[in-house]
Amino acid sequence: MIETKLKWHPIAASDDLAPRHVFDAQLLGQEIAAWRADDGFANVWENRCLHRGVRLTIGINDGNELKCQYHGWRYSNRSANCTYIPAHPADAPARTVCNRKYTTREKYGLVWTAIETSGDVPEISLLAGVPSAPLRAMPINSTADLVEEMLSAAVFESAEDNRWSEMSVETDPSGAITFTGSSDKHLVFFLQPLDSERTIIRGVATGIGDDDIAGLRHLNQCLTTLRAAIEARAAQQDRVDPMQPVYTQVEADLATMPDRGEGSVNGIRVRVASKTMTANDVARFEFVGLTGSLPTGQAGAHIDVHLPNGLIRQYSLTNGPAETDSYIIGVKREPNSTGGSECLHDTVREGDILLVSVPRNNFPLRRDAVRSVFVAGGIGITPLLSMAKTLENQRLNYELHYFVRDDDHVAFADKINALTGKITLHKGLSPEDTGKALHRIYNGPQNANHTYICGPGPMLNAAREAASHCGWDDGAVHFEYFKNTNEIDDSSSFEIALARSGQTLQVKSGETVLDVLRANGVSIASSCSQGACGTCKVAVIEGDVDHQDVHLTDSEKRASAYIMTCVSRAKSDRLVLDI
Amino acid sequence: MKLYDFELSGNCYKIRMFLNILGINYDRHPIDFFPGNEHKGPEFLAINPLGQLPVLVDGTFQIRDAQAILSYLAAKYDDGGTWYPTSDPERLGEVNQWMAFGDMITGTASAARLHDGLSYTQIDVKAARAGAHRLFRILDEHLWFAEREGRSWICKGDTPTIADIACFPYIMLALEGGVSLQDYPAIRRWTDRVKRIPGFTVMSGIFSAGAGVEAA
Ligand SMILES: N[C@@H](CCC(=O)N[C@@H](CS)C(=O)NCC(=O)O)C(=O)O
């Protein structure tokens with residue numbers, strides 16, 4: 001009767017989940033890792049790293065993420081999404097890599113969960129609206145049935161203290177065992193079946209303070225004596241087989257594959273919680289979910305924002321790790337706006353409901369660099385803020401260079417001031433001086449260094465050139481363009497062969513590879529439609545790609561291993577694609 | 001200073017960790033405990049007739065037993081006098097009480113680990129595990145009430161003592177002998193605190209804890 005997976009059980013006391021600690025729990029055979037993030041949220045997860053099944057209770061709670069000890073996989077507060085896989089430092093983990101999490105409540109000073117949730121934590125009238133304190137949990141090697149039977153006959157009377165005399169015992173419909181005393185001194189006990197032969201008694205007392213050590217000791221002593229009696233009887237009983245929990249593991253290919261994401265069709269509805277100016281011409285928007293927290297964005301991720309005028313635009317998240325209460329983006333008013341930034345600045349107001357995509361990451365951050373150099377131009381600061389915060393939380397070395405016109409153009413000054421890394425503002429530099437400053441930044445030792453550049457096209461090009469000139473390896477220079485200013489030449493026509501489905505399709509001039517794929521039923525995610533964001537990337541098995549995007553690095557383009565299907569085409573007559 | 005040492009020994013690790021906390025340089029003299037059984041050979045028996053590790057040699061002075069070594073090192077080299085409070089009789093008594101408890105943990109949790117991991121088949125592993133659980137129940141209760149009274153360490157006072165060092169290793173390694181710490185949440189929280197002591201070192205099977213909130 002107690003062992004139902006639907007039912008809510010306490011698995012810890014609220015203060016068992018100490019800051020930066022991972023609590024080891026179990027319920028109905030299922031092993032659980034519970035940890036409190038710095039924002040106070042109690043995460044209750046299956047105690048298995050998705051990777052190799054290593055217990056997460058030996059992991060590290062860094063306040064925002066839980067890191068597995070063995071191969072360093074990281075999982076985000078609240079969402080349990082895997083945010084980083086050290087063996088694939090250059091890839092963003094697929095969104096499907098997500099730990100199993102259990103619904104959680106905190107009530108009566110206890111942390112509650114259910115394996116399969118229905119209903120809610122039991123309402124105990126004795127505990128309603130009065131202060132109470134949890135007793136020390138009493139783990140017992142016995143079935144829950146025997147514990148229930150013997151606990152119901154327990155006595156908590158004390159010679160020195162009359163608070164627990166003459167109590168009347170009842171079993172609540174929820175299964176709680178209540179001891180009603182005189183004058184508001186009650187005891188309520190919940191049973192937590194760890195496994196078939198292990199049970200924890202979790203008591204809650206009213207009329208006792210957290211600091212009433214003598215009272216807590218007395219009740220703990222009574223429970224200790226009761227435990228000895230229960231275990232003596234349990235030792236005489238026949239053994240019961242342990243419960244058989246089910247643990248899932250992620251398939252190897254999923255775990256190593258970068259996020260291809262869903263298309264922008266499956267969006268999330270958000271409300272504009274605030275809209276403020278964070279710099280000259282830069283509006284700061286905060287979006288909150290209509291139902292609870294939002295999907296986790298990895299450092300460098302962007303979202304598609306569907307605008308009231310029908311346009312879809314991409315904006316980088318400034319959020320640090322595990323900041324899922326809201327998405328914060330910065331939107332610069334573009335003088336040559338094609339309707340995106342103008343609409344956000346002039347039409348969208350606080351309180352409006354918008355559709356956004358789940359965060360997608362085509363600008364992943366490695367966390368294995370000796371030194372990371374962030375170079376931002378203007379509004380390009382946004383993804384780099386999220387990256388800097390991520391490295392800062394892990395106490396990794398980084399420097400941030402922010403090229404701006406003047407003080408009025410410094411966006412997100414609050415976030416920048418809160419960073420403690422090496423921050424340099426480069427104000428009002430001419431293109432020539434910008435080039436010199438970039439050379440100074442990229443000069444010097446580069447072993448295990450990585451740089452991330454985001455900003456307007458000319459500045460980004462200058463930074464890439466400076467890095468290349470100073471001898472940086474192409475693979476260490478990561479960048480994200482806002483837009484593709486290349487003139488797209490779509491005059492060619494060619495054949496594409498789809499290796500996995502065996503189809504052969506014709507791309508005529510004026511059509512894109514992406515259009516042709518979609519018209520033939522191949523579902524493929526895309527975002528910016530101009531070869532900047534990298535979402536529609538597809539692997540190429542054979543053929544010579546006519547690259548027209550600004551997403552791939554020069555060496556990636558030479559290798560022709562990928563194509564941005566929204567703008568790039570074929571130089572050869574035929575391309576074989578890995579889809 | 002020279003330590004007769006075996007990498008996988010929790011008792012030797014107590015000394016390595018404490019020497020590191022005190023910032024003392026020393027030489028390691030490795031003894032091939034497993035599989036070589038060197039600690040039962042004539043050469044080592046001449047150094048320690050009990051045939052046990054660790055043994056410390058400081059100049060002309062030689063001493064065995066992890067707890068005895070800890071008290072010697074603290075009394076001699078801890079300038080602050082906090083690790084082994086020789087001038088406070090009550091605390092001193094407490095430290096010695098819990099160091100003896102630490103040795104009982106060696107006799108139970110470590111014995112179970114020797115059985116499971118290092119082929120000590122003569123050990124009654126069921127009795128060893130039951131003994132470890134009996135001790136852990138006592139320590140968990142002690143630490144749970146210590147937390148309620150605002151204390152972080154095994155003995156009274158604001159700073160850790162060598163009793164914390166003496167109890168720590170075989171608690172952390174208990175699972176290697178089939179003794180889970182799941183029933184001992186206050187012990188598990190205390191092990192995080194020990195791991196955050198400046199100068200803490202790891203050994204095979206014991207990881208560091210990451211930064212605490214204060215340091216963040
Ligand atoms: N009371 C001693 C116990 C030391 C002990 O048990 N050492 C183990 C290695 S961790 C050992 O040498 N065992 C061999 C034996 O007892 O025969 C101490 O604390 O140093």
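The values are calculated or read from the model by the stated rules, or taken from the named source; none is laboratory data. Here the structure is a predicted model, which is why all the values come from computation and not from measurement. Here Cβ is always computed from backbone atoms with ideal geometry, including for glycine, and neighbour counts include all displayed protein chains. These accessible areas exclude ligands, DNA and RNA; they are computed on the full protein's heavy atoms, side chains included. Shrake-Rupley method; radii C 1.70, N 1.55, O 1.52, S 1.80 Å.
Here are some notes:
- Whole-Hz ³J(HN,Hα) from phi, Karplus 6.51 cos²θ - 1.76 cosθ + 1.60, for the range A:70-75, glycine and proline x: 7, 10, x, 4, 10, 10
- For the range A:391-539, the relative contact order works out to 15 percent when only alpha carbon pairs closer than 8 Å and six or more residues apart are counted.
- Amide hydrogen neighbours beyond the local backbone of A:Leu194, cut-off 5 Å, H modeled: A:Leu28, A:Thr199, A:Ile200
- 5 angstrom amide H check on A:Ala12, placed H, neighbours 5+ away: A:Val111
- Eligible aspartates and glutamates near A:Lys427 by straight Cα distance, threshold 19 Å, same-chain separation 8 or greater: A:Asp281, A:Glu399, A:Asp406, A:Asp407, A:Asp408, A:Asp414
- B:Phe61 accessible area, assembled protein chains, probe 1.4 Å, Å²: 90
- The alpha-carbon of A:Lys5 sits under 22 angstrom from the alpha-carbons of these lysines, leaving out residues fewer than 8 places away in its chain: A:Lys101, A:Lys107.
- Portion, in percent, of the accessible area of the protein assembly as shown that falls on carbon or sulfur, probe 1.4 Å: 49
- Summing Cβ point charges (Lys, Arg +1; Asp, Glu -1) relative to the Cα centre of the range A:285-394 gives a dipole of roughly 400 debye.
- Take every DSSP beta bridge whose two residues both sit in the protein assembly as shown; close to 75 percent of them are antiparallel.
- Neighbouring partner chain Cβ atoms per residue of A:213-219, average, 10 Å criterion: 1
- Charged side chains reduced to their Cβ positions (Lys and Arg at +1, Asp and Glu at -1) give the range A:69-118 a dipole of some 140 debye around its Cα centre.
- Most to least accessible of A:Glu350, A:Glu480 (protein chains only, probe 1.4 Å): A:Glu350, A:Glu480
- Mean separation of Cα contacts under 8 Å, 6 or more apart, over the residue count of chain A: relative contact order %: 10
- Straight-line cross-link partners of B:Lys126 among the aspartates and glutamates, defined as a Cα under 12 Å from its Cα and at least 8 positions apart when in the same chain: B:Asp116.
- Accessible surface of A:Asp515 - all protein chains present, 1.4 Å probe, nearest 10 Å²: 80
- Compactness of the range A:405-462 as Cα Rg over 2.2 N^0.38 Å, two decimals: 1.26
- Using θ = phi - 60° in the Karplus curve 6.51 cos²θ - 1.76 cosθ + 1.60, the 3J(HN,Hα) couplings for the range A:153-163 round to 9, 6, 10, 10, 4, 10, 5, 8, 9, 8, 5 Hz; x is entered for Gly and Pro.
- Its relative contact order, with pairs defined as Cα atoms under 8 Å and 6+ residues apart, puts chain B at 22 percent.
- Compactness of chain A is given as radius of gyration and Dmax, 29.1, 96 Å, from Cα positions.
- Filter on A:Lys67/A:Lys415; A:Lys67/A:Lys422; A:Lys483/A:Lys571; A:Lys332/A:Lys436; A:Lys332/A:Lys557 - keep pairs with C-alpha separation over 28 Å: A:Lys332/A:Lys557
- Buried area at the B:A interface is about 2600 square angstrom, summed over both chains, from accessible surfaces computed with a 1.4 angstrom probe.
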